[in-house]
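The values are calculated or read from the model by the stated rules, or taken from the named source; none is laboratory data. Model, not experiment: these values are computed from the prediction. Cβ placement follows ideal geometry from the backbone for every residue including glycine, while neighbour counts extend to all protein chains displayed. Keep in mind that these areas ignore ligands, DNA and RNA; they rest on the heavy atoms of the full protein, side chains included. Shrake-Rupley method; radii C 1.70, N 1.55, O 1.52, S 1.80 Å.
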Amino acid sequence: MKDDIEITAVIDRANAYLASHEDVSQEKLAKMAGISGGLLSSFLKGQYGGNTARVAQKLRAVLDTEESRTDAVLAVKEPEIVETAIMQKMWFGLQYANDRNDIICIYGAPGIGKTVTVNKWVASHANVIFFTASPNIHNGRDVMEEILEALGKKQTGRNKALEKSIIQILKDTNRAIIIDEAHFLRLSALETLRRIHDITNVPLILVGNPAILEIITEQNKTLTGQFFSRAVRIALDGKVPIEDVKAIVLQNGVTLESDALKELHRIALGTGALRVMTKLFVFAWTLANAARHAICLEDINKARQVIISPEAC
């Protein structure tokens with residue numbers, strides 16, 4: 001009898017969770033619990049003939065986790081994206097390349113908001129072709145496969161066939177190609193992109209860390225001469241102004257003393273910049289919330305020992 005009551009309680013919780021989360025289907029909930037969609041469906045209908053206690057245990061674990069996650073997010077909210085000085089400079093560069101069908105390389109230190117800005121740009125420009133380079137996506141063929149995938153095309157064959165297909169699709173379309181983490185690209189990828197740009201005249205935007213200059217540089221222009229002479233290069237200043245820190249952390253009713261703000265600004269000027277500062281701030285807020293007091297410098301210092309290694313402090 002007790003087991004039946006507990007199983008009924010889990011079924012009620014699962015149905016209530018599905019009813020209040022429109023973005024979560026039965027199939028998704030089943031995947032979260034590590035069971036099949038059909039099994040979950042029969043369990044929720046009270047028709048499952050297998051080990052119901054085991055299924056209930058899996059579902060209960062998922063529901064407990066989701067409840068804890070919801071409570072945590074309600075108590076300590078992730079800061080909303082704000083328009084920082086770096087974001088404004090990037091936005092100008094993105095718009096410049098898009099308006100003039102130019103090649104542009106935007107680079108800066110990790111953590112200053114490059115990827116956030118690119119994602120925001122892509123979300124507002126539905127026709128762009130966007131992908132992220134990586135150690136596994138870095139040569140000419142990789143790049144062409146990513147472009148074709150973004151175009152919804154499946155193309156096989158030699159590199160020449162891939163390039164020809166891309167050119168036929170993109171010529172006279174003005175559809176920008178945007179590549180994040182572009183510092184992973186090799187010479188073959190840059191030359192492939194340069195040829196595609198030259199023939200199609202589509203905007204080409206590369207975003208990455210300063211390491212990209214090891215390829216696109218004055219000293220190396222004998223190897224990348226044609227790309228070097230075409231690309232506009234925009235360097236992003238890693239010196240984050242304190243106004244940007246304030247805009248990020250002073251949301252959701254948060255107030256901070258000047259010493260706490262100064263410390264967060266100091267962290268934002270270091271390795272990882274705004275990304276590390278934001279993570280540290282949220283962690284400090286979580287500590288303060290658990291202790292039931294306003295965020296103070298002590299919370300930030302405690303969080304710093306976890307988020308940033310003592311050597312970096």
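The table for this structure:
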| item | result |
| --- | --- |
| Residue that is nearest to T278 (Cα to Cα) [pool: residues in the stretch 252-267 that are open to solvent by 30 Å² or more (accessible area, probe 1.4 Å) and within 26 Å of the chain's Cα centre (by Cα)] | H265 |
| Residue match in the stretch 141-150 (condition: loosely packed, with under 14 Cβ neighbours inside 10 Å and over 20 Å from I212 (Cβ atoms)) | yes |
| Subset of the stretch 232-251 [buried (at least 20 other Cβ atoms within 10 Å of the Cβ) and not in a helix (DSSP H, G or I)] | L236, V240 |
| Residue among I137, I106 that is within 19 Å of A231 (Cβ to Cβ), in contact with a helix residue (DSSP H, G or I) (Cβ under 9 Å, 6 or more places away or on another chain), in contact (Cβ under 8 Å) with a residue 40 or more places away in the chain and not hydroxyl-bearing (S, T, Y) | I106 |
| Residue that is nearest to D237 (Cα to Cα) [pool: residues in the stretch 72-121 that are assigned to a loop (DSSP other than H, G, I, E, B) and more than 19 Å from the chain's Cα centre (by Cα)] | D102 |
| Meets criteria (open to solvent by 40 Å² or more (accessible area, probe 1.4 Å), part of a loop (DSSP other than H, G, I, E, B) and under 27 Å from D198 (Cα atoms)) for Q155 | yes |
| Residue within the stretch 106-117 that is more than 30 Å from N209 (Cβ to Cβ), open to solvent by 50 Å² or more (accessible area, probe 1.4 Å) and of a type outside the set (A, V, I, L, M, F, W, C) present | no |
| Lone unmet requirement of (1) in contact (Cβ under 8 Å) with a residue 12 or more places away in the chain; (2) part of a helix (DSSP H, G or I); (3) closer than 18 Å to P79 by Cβ for A288 | (1) |
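Per-residue answers, yes or no, for (1) in a helix (DSSP H, G or I); (2) without any contact (Cβ under 8 Å) to a residue 40 or more places away in the chain:
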residue: A14; (1), (2): yes, no
residue: Y17; (1), (2): yes, no
residue: D23; (1), (2): no, yes
residue: E27; (1), (2): yes, yes
